[in-house]
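Reviewing the structure listed below.
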């Protein structure tokens, strides 16, 4: 049975060949150079490597403004052009008028309707559950998709057992900032934990938002650690998946690929497909609103 692993990288576009401002060129992202043999750029945005493909996706969606996370993520996980619906880009969290789509048409609900078992791999600390209990509503789209689908969010206990992943991949911020007693994982071990999840689930989603943080100039002192951890993690995922598993890595807008700016960019989104039906995915998905429909109608047909 085909299984699907989705890795959502917040704010990662395909940028210029720039060894000063594009970190993929400046620091030599080994996932690109060692697996694909090249680094994607605006002049080389489609790269094929056997059953692995890098290709661009449109994140602007016909609304010529800087794309934002709220609309971008709603378009991805609900399969609509939310930018066109609103008449503007909106973020970082979804506009109130988009919640009806997230409640009724999100990717987890689609999987459940197809009798598939979806899973959101991210773990949340107790302070986040306290935040939700107070009625606060500034919540990302993937988290809302999980909550609106009746799926429980992972907690510390799930992370400790290796049943979930921390947002930073290796647990280091849970330990250093939140003072949880957890092992510091190698990025490779975190990747293997993610790959093992498809033994129990049909659709697994992991959200990594620190690329957007770094693109906005935050966490500068820890930049190289985040960069190297993500590189090793993605490399391990793309080197060790089962042939019957589909890997799809995607984004909501550009940002991280141009560190000269502290805003999002108009660059196309970085998208990577690997494994089962990877080539068809690379040829079929042109904009971010088509991701959900391909998974539902092609991979889960």
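Some notes on this structure:
- Candidates 23, 67, 183: whichever shows maximal mean-square fluctuation once the chain is modelled as a Gaussian network with Cα springs under 10 Å: 183
- For the chain, the relative contact order comes to 35 percent (Cα pairs under 8 Å, sequence separation of at least 6).
- Per residue, the convex hull volume that the Cα atoms of region 20-168 enclose (Å³): 177
- Inter-site label distance for residue 199 and residue 50 at 7 Å from Cα along Cβ, in nm: 2.4
- Among 116, 100, 84, the largest mean-square fluctuation in a Gaussian network model of the chain (Cα springs under 10 Å) belongs to 100.
- Given their separation in residues at 0.36 nm each and the Cα-Cα distance between them, residue 280 and residue 130 gain 49.7 nm when the chain is fully extended.
- Helical runs (DSSP H, four residues minimum) scored at -39500 (n - 2.57) apiece and divided by the length of the chain put the mean residue ellipticity at 222 nm at -9000 deg cm²/dmol.
- At an R0 of 30 angstrom, the distance between the Cβ atoms of residue 155 and residue 298 translates into a FRET efficiency of 0.35.
- The alpha-carbon positions of region 167-301 define a convex hull whose volume is 121 Å³ per residue.
- Förster-model FRET efficiency, 25 Å R0, residue 19 and residue 266, C-beta, rounded to 0.05: 0.75
- Beta bridges assigned by DSSP with both partners in the chain are antiparallel in approximately 45 percent of cases.
- Full-stretch length increase - residue 30, residue 186 - with 0.36 nm per residue and alpha-carbon distance subtracted: 54.5 nm
- Each 5 Å bin from 0 upward holds the following percent of the Cα-Cα pairs of region 3-299: 1, 6, 12, 17, 20, 19, 15, 8, 2, 0.
- Extension gain from residue 84 to residue 216, taking 0.36 nm per residue of separation minus the Cα-Cα distance: 45.0 nm
- Along principal axes, Cα extents of region 208-267, largest first, whole Å: 39, 26, 14
The numbers here are math on the coordinates, done by the rules we state, and not lab data. Since the structure is predicted, the reported quantities are computational estimates derived from the model, not experimental observations. We place every Cβ from the backbone using ideal geometry, glycine too, and count neighbours over all the protein chains shown.
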